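Right, one structure below, let's go through it.
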Amino acid sequence: VFTQHLCPLLSQVDPALIQLAWDQDRLVGVVLALPDLLATDVRRLIIKTLAIGPNRAYAGLGTTLLEATHHAGFHQGYRQAIHALMHCQNPSLNLSRRYSQPFRNYVLMGKNLSETHKKTSRPELGWG
């Protein structure tokens, strides 16, 4: 599923902006950054994905990969980075907070769909 989600982005991916960490033959960490194609004032990266394996043996790996991504981006001519779409309950948010500050705030809206449409003043959602 992860691979299918990222396939449309491959044309924008610079391999220098992908950081992977392996433990023998197992992928245990990844940072994927893309250029912000809408930025007109400065060359900016979007940190799209930051994921580290849950094993405590990998503590600190996120910091290492994120710093390597920032370093690679700087040497590619980027001067800003956005840590995008950080879930407020995800541990990676703690890591991003060490290197960045809120840039914009968004709200994720949802609606349950059904065959019959009925107007309600307040939809009840079955998810968090």
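Since every read-out is calculated from the coordinates, none of them should be taken as a lab result. Please read these numbers as outputs of a predicted model, since none were measured by experiment. Heads up, the Cβs are rebuilt from the backbone with ideal geometry, glycines too, and the neighbour counts pull from every protein chain shown.
Can you give the local net charge around PRO54? Use residues other than it whose beta-carbon is closer than 15 angstrom to its beta-carbon, Lys and Arg +1, Asp and Glu -1.
+1
How many nm is it between the label spots at ASP25 and ASN55, if each spot is 7 Å from the Cα in line with the beta carbon?
It is 1.5 nm.
Using the beta-carbon distance between THR63 and ALA39 and R0 = 41 Å, what value does 1/(1 + (r/R0)^6) give for FRET efficiency, to the nearest 0.05?
Using R0 = 41 Å, I get an efficiency of 0.95.
Could you work out the local net charge near ASP14, counting Lys and Arg as +1, Asp and Glu as -1, over the other residues with Cβ closer than 15 Å to its Cβ?
So the environment of ASP14 carries a net charge of +2.
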